[in-house]
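First up is the structure itself, then whatever we jot down about it.
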Amino acid sequence: MTAPLIRHSALASADPEIAALVSAEERLQADTLRLIPSENYVSAAVLEASGTVLQNKYSEGYAGKRYYEGQQNIDQVETLAVERAKALFRMDHANVQPYSGSPANLAVYLAFLKPGDTVLGMSLPMGGHLTHGWGVSATGSWFRGVQYGVRRDSGRVDLDEVRDLALAERPKVIFCGGTAVPRTIDFAGFAEIAREAGAVLVADVAHIAGLIAGGAHPSPAPYADVVSTTTHKTLRGPRGAMLLSRAEHARAIDRAVFPGLQGGPHNQTTAAIAVALKEAAGAGFSGYAHQVVANAQALGEELAARGFDLVSGGTDNHLLLIDLTGKGVSGKIAAKALDRAGIVVNYNTVPYDTRKPFDPSGIRIGTPALTSRGIPASEMGAVAHWIDLVVDAARTGDEATITKVRAEVKTLMDAYPAPGLPVA
Ligand code: DSN
């Protein structure tokens, strides 16, 4: 048995089964090439902050206005997180309490809509998110979801279509952003449409928050009424979320999060968010954010040169959406073969997909985690080569190639240790 990467001595003696699984996960994250675009590696400091005695405290309310005593330290933690979020994203107001992205977005509905009101968002199979009004989500069943997509010819959002829908349907809220959008979001264009339609514009920047913080994607700050983001993707914080807004919406947002939707905030997460925001404001983070994009673009070029069909032809950000139809293999079969090769991706629908979401035509890959390991653009040729070999091996059933790639992936991972995971 290999030695654990991190010693969890109390856990190991209290619950060896869970300790063993945590150790196995640490080893898996160290040894594999993690290309899921919504995942990352947090720093050791973020990891420490999220495992502290702040767990033990109830803090319903906001700093200075709590329903529980003993908030001497917690109030300061939350205030630091709020002030750092406002400064980094240049917004008037920040609420750092949402448990994650879906509750954050649900709080937006609670703040601005009544059940049955109309919301306009990007459809899930076109790259949007469940909570942007998609039917199976509460946001699409309790509210009236109207959805825009991308053009079939360009794979890009068509703002003329968005404007036509907005003016015809008069939504109270318009969401821009999504989970499989490889191109720059035109916040100014969306803001103009929202103004014409009399809607609140919500920029869901969960995927690109770190790129915005690092100056590698334009900021929604001058344009959006509300900015919703998770904190654990490109921003490289703990699993959590934030809602930022203009001053005029501060009260509605705060009331919607608590008491509207949630109880006590997860204070250990708030502390870890504060640490991640400090890191994102630090000297190295802009270089990281730009390198994430450079790596994704280099990987896209290498994949295109090997005949991969990239939705929209490439990427402006951290993410590539690949239609595997021409490779003769489904997204799910490819993703599972890549996983066996130590390359972790997720299968994903592509725009106008003719296959079902549980076995769609595409895979979605991204570079935030590999860039956190310091892997440079010069290695993207090797990464594309492995993906090409494994996708082909998935089609032909060539397990020997998959095993060989897994060993090569491990060698590269050993050369670039993951943050937060000491080398054993
Ligand atoms: N599940 C996230 C993602 O992978 O993009 C979005 O919520």
| How many residues does the range 139-151 contain that are within 20 Å of Gly313 (Cβ to Cβ) and either within 16 Å of the ligand (Cβ to nearest atom) or not in a strand (DSSP E or B) (or both)? | 2
| message | Can you report the number of residues in the range 32-56 which are charged (D, E, K, R), more than 12 Å from Ala276 (Cα to Cα) and surrounded by fewer than 18 Cβ atoms within 10 Å (Cβ to Cβ)? | response | 1
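Here are Gly381, Gly374: which of them is assigned to a helix (DSSP H, G or I), surrounded by fewer than 17 Cβ atoms within 10 Å (Cβ to Cβ) and in contact (Cβ under 8 Å) with a residue 40 or more places away in the chain?
Details: Gly374 fails: assigned to a helix (DSSP H, G or I).
Going through Gly381, Gly374 in turn, the sole match is Gly381.
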| task | Identify the single condition in (1) out of contact with any strand residue (DSSP E or B) (no Cβ under 8 Å at 6 or more places or on another chain); (2) away from the ligand (no atom under 16 Å from the Cβ) that Ser330 does not satisfy, given that it satisfies every other one. | result | (1)
| note | Going through (1) surrounded by fewer than 17 Cβ atoms within 10 Å (Cβ to Cβ); (2) in a loop (DSSP other than H, G, I, E, B) one by one, Gly420 fails only at (1)
| Selected residue (only one of Gly326, Gly420, Gly374, Gly397 is farther than 30 Å from Glu48 by Cα, touching a Phe, Trp or Tyr at 6+ places or on another chain (Cβ under 9 Å) and of a type outside the set (A, V, I, L, M)) | Gly326
| task | Looking only at the range 230-238, decide whether some residue is in contact with a Pro (Cβ under 9 Å, 6 or more places away or on another chain), of a type in the set (Val, Ile, Thr), at pLDDT 95 or above and over 27 Å from Phe112 (Cα atoms). | result | yes
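Return yes when Asp339 is modelled with pLDDT of 95 or more, more than 19 Å from the chain's Cα centre (by Cα) and among the charged types (D, E, K, R) and no when it is not. Walk me through it before giving the result.
Details: modelled with pLDDT of 95 or more: yes; more than 19 Å from the chain's Cα centre (by Cα): yes; among the charged types (D, E, K, R): yes.
Criteria met by Asp339.
Taking the condition of being in a helix (DSSP H, G or I) and free of Cβ contacts under 8 Å to residues at least 12 places away in the same chain, how many residues in the range 384-398 meet it?
Filtering the range 384-398 for residues in a helix (DSSP H, G or I) gives 384-396.
Adding the requirement that they be free of Cβ contacts under 8 Å to residues at least 12 places away in the same chain leaves 396.
Qualifying residue count for the region: 1.
Quick check: is even one residue across the range 187-199 among the aromatic types (Phe, Trp, Tyr) and touching a helix residue (DSSP H, G or I) at 6+ places or on another chain (Cβ under 6 Å)? Walk me through it before giving the result.
Restricting attention to the range 187-199, the residues satisfying the condition of being among the aromatic types (Phe, Trp, Tyr) are 187, 190.
Then keep just the ones that are touching a helix residue (DSSP H, G or I) at 6+ places or on another chain (Cβ under 6 Å); that gives none.
No, the range 187-199 has no match at all.
Of a type in the set (Val, Ile, Thr) and part of a helix (DSSP H, G or I): does that describe Ile322?
Numbers: of a type in the set (Val, Ile, Thr): yes; part of a helix (DSSP H, G or I): no.
Here the answer is no, as Ile322 does not meet what is asked.
Quick one: which residue in Val22, Val82, Val77 is of a type in the set (Val, Ile, Thr) and under 22 Å from the mean Cα position of the chain (by Cα)? Give the steps one after another, and end with the answer.
Working: Val22 fails: under 22 Å from the mean Cα position of the chain (by Cα); Val77 fails: under 22 Å from the mean Cα position of the chain (by Cα).
Criteria check complete, one pass: Val82.
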| Unique match (being in contact with a strand residue (DSSP E or B) (Cβ under 8 Å, 6 or more places away or on another chain), farther than 28 Å from Thr396 by Cβ and of a type outside the set (D, E, K, R)) among Ser286, Ser312 | Ser312
| note | Taking the range 100-120 and keeping only residues that are within 13 Å of the ligand (Cβ to nearest atom) and buried (at least 23 other Cβ atoms within 10 Å of the Cβ), one is left with Gly101, Ala104, Asn105
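The values are calculated or read from the model by the stated rules, or taken from the named source; none is laboratory data. In this text, all values refer to a predicted model and were calculated from it rather than measured experimentally. Neighbour counts run over all protein chains shown; Cβ positions are idealised from the backbone, glycine included.
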